[in-house]
Amino acid sequence: MTIDTAKLGWNFDNTYSRLPEKLYSTIDPNPVSSAKMIIFNHSLAESLGLNGEALQEEEGLAVLAGNEVPPEGASLAQAYAGHQFGGFTMLGDGRALLIGEQITPGGERFDIQLKGSGRTPYSRGGDGRAALGPMLREYIISEAMHGLGIPTTRSLAVVTTGERIMRERLLPGAIMTRVASSHLRVGTFQYAANWGSVEELRALADYAIERHYPEIGKVEERYLDFFKAVMKRQAALIAKWQLVGFIHGVMNTDNMTISGDTIDYGPCAFMDVYDPKTVFSSIDAQGRYAYENQPRIGGWNLARFAEALLPLLHQEQEKAVEIAQEALYEYSGLYKSHWLAGMRAKLGIFNEEKEDEALIDELLGLMKEHSADFTNTFRMLTLDNTMDALSGKPEFDAWHGKWQTRLERQQESKEAVHTLMKRSNPAVIPRNHRVEAALEAAVEFGNYGVMENLLKILKYPFAHTEEQEDYCAVPGDSAGDYRTYCGT
Ligand code: AMP
Ligand code: MG
């Protein structure tokens, strides 16, 4: 089949394939028997300049299933390494194919990657495939994150392959089309630093700077500026996760982007009841990636990034280490200021007072003590409604009084406070029981309506509409036992 690239709206470039060959492997597509469109993201397609209708027909489907690569596109798997739960390993795209970089009508560049597209030189014993459930899960949660205003990779489509893949049982195989401002990871730099030359590492850094931080320019300390810029974006990103109760679940260095976008929706989930120790991932027995640890792990991963960049920071290693340490020192303050600013907004606070942090901590302490739902507590404060877990509790009433007094000390009107809180506190998050119900209907019964309705609700989480009310309900007692899984 010859692919009419222009008809489908593809406008591909291939800068990654012009990087040193060590950084990727060119691979042939792995055709599948019969591709079927399960879900397609029309608004994303439009913003990318793609022809949504044509992409769902035979030719388009052939591309989204990895059966055909448009001639102008790429067909490569990226090499990377990573610290997985603290241990360093060689990884790479074991089941993903970069099919090109789409240049949008607005001139932006996005990687188009198929996930679940078959084996690559980096597959290590894996089958290179993905099951329908986990791909739909990534679709739902990444789109929910986008709705929440959190930088993230996006999901263009999920197709089934017509093949069954073996997991704990036979499951329908699927391929998700992931859209990312790039797939550069901390682990990409670790790979280059470990197995490449300094020139190759420099080429990768120059590429990342040009793609994500062009404002840095050709100044003398550009690699230090680059490190600091990534650190700033990650500090802001992780603060955003904390502010909505998002738990990534597998913050390995290969799952931390250089762009500052959230990537790799494996065992992630949103917290219901507020408990800083919450962990959902079945393999995270030690709680390394628990909610409360995410900011610190972000710092740990950035230290690994700095290590990879050392040869570019200074010729003498000792000096380079000093430079890196000094830069890293800023991370916790940066994170804290983003988190504080976000928490103030969640409470309708416009200006800064020293005591704000104590006020915030006191509320969080009460939420933990009384097992209050994270999202609904802030939602109820926003709507001035009573709260199941907290209302009637004298300590909460006392806190509420202090909070009201704090709000009275600022100039802004009640309306302004309400507007700020509405903008800062989502009515809906992709609650685990809702996501599971959508996936069960889709995978077990071929009923995609439940998922489509959920996606519609999650698109505008700050709308606070009546139809969202249903989706605000907290799950039953078994919620604490919710378990998520990696790489399935
Ligand atoms: P993840 O847990 O998705 O971050 O994946 C970690 C590593 O395992 C990456 O190198 C993936 O490409 C690889 N991987 C995950 N699942 C598979 C699979 N089914 N086949 C081959 N490689 C895989
Ligand atoms: Mg990964």
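All of (1) closer than 19 Å to GLN84 by Cα; (2) over 23 Å from the mean Cα position of the chain (by Cα) hold for ILE349 with one exception: (1).
Pairing residues of segment 326-344 that are polar (S, T, N, Q) with residues that are open to solvent by less than 70 Å² (accessible area, probe 1.4 Å), at Cβ distances under 9 Å and at least 6 apart in sequence or on separate chains, gives SER332/ALA235; SER332/PRO295; SER332/GLY299; SER337/ALA235; SER337/ALA239. Which residues, taken from segment 81-115, are touching a helix residue (DSSP H, G or I) at 6+ places or on another chain (Cβ under 8 Å), within 13 Å of ligand 2 (Cβ to nearest atom) and within 19 Å of VAL179 (Cβ to Cβ)? LYS115 - this is the single residue of segment 81-115 that is touching a helix residue (DSSP H, G or I) at 6+ places or on another chain (Cβ under 8 Å), within 13 Å of ligand 2 (Cβ to nearest atom) and within 19 Å of VAL179 (Cβ to Cβ). Quick check on this structure: which one of ARG119, ARG137, ARG169, ARG185 is within 16 Å of ligand 1 (Cβ to nearest atom) and without any contact (Cβ under 8 Å) to a residue 40 or more places away in the chain? Step by step, each of ARG119, ARG137, ARG169, ARG185 is checked, and only ARG169 is within 16 Å of ligand 1 (Cβ to nearest atom) and without any contact (Cβ under 8 Å) to a residue 40 or more places away in the chain.
Being open to solvent by 10 Å² or more (accessible area, probe 1.4 Å) and either closer than 29 Å to LEU132 by Cβ or within 16 Å of ligand 1 (Cβ to nearest atom) (or both) is a property that holds for PHE280. Please work out if PRO426 is open to solvent by 70 Å² or more (accessible area, probe 1.4 Å), out of contact with any strand residue (DSSP E or B) (no Cβ under 8 Å at 6 or more places or on another chain) and not charged (D, E, K, R). Taking the combined requirement at face value, the residue does not satisfy it. In this structure, does SER259 turn out to be open to solvent by less than 20 Å² (accessible area, probe 1.4 Å) and either at pLDDT 95 or above or under 21 Å from VAL428 (Cβ atoms) (or both)? Yes; evaluated as a whole, the condition is true for this residue. If you go through segment 231-261 and pick out every residue that is within 13 Å of ligand 2 (Cβ to nearest atom) and in contact with a helix residue (DSSP H, G or I) (Cβ under 6 Å, 6 or more places away or on another chain), you end up with 4.
The set of residues from segment 267-306 being within 16 Å of ligand 2 (Cβ to nearest atom), under 17 Å from LEU237 (Cβ atoms) and within 13 Å of the chain's Cα centre (by Cα) comprises just one member, CYS268. Could you grab me the full set of residues in segment 315-328 that are under 18 Å from ARG202 (Cβ atoms) and surrounded by fewer than 17 Cβ atoms within 10 Å (Cβ to Cβ)? Listed by number, the residues that qualify are GLN315, GLU316, GLN317, LYS319. Listed by position, the helices (runs of 4 or more DSSP H) inside segment 371-483 whose residues that are under 30 Å from LEU132 (Cβ atoms) and among the hydrophobic types (A, V, I, L, M, F, W, C) number at least 2 are 432-445, 449-459.
Can you go through PRO430, PRO426 and tell me which one is within 33 Å of the chain's Cα centre (by Cα), touching a residue at least 40 places away in the same chain (Cβ under 8 Å) and closer than 18 Å to ALA345 by Cα? Every option except PRO426 fails the conditions.
The values are calculated or read from the model by the stated rules, or taken from the named source; none is laboratory data. Bear in mind the structure is a predicted one, so any value in this text is a computation, not a measurement. Note that each Cβ is placed from the backbone with ideal geometry, even for glycine, and that neighbours are counted across all protein chains shown. Ligands, DNA and RNA are excluded from the accessible area calculation, which covers all protein heavy atoms including side chains. Shrake-Rupley method; radii C 1.70, N 1.55, O 1.52, S 1.80 Å.
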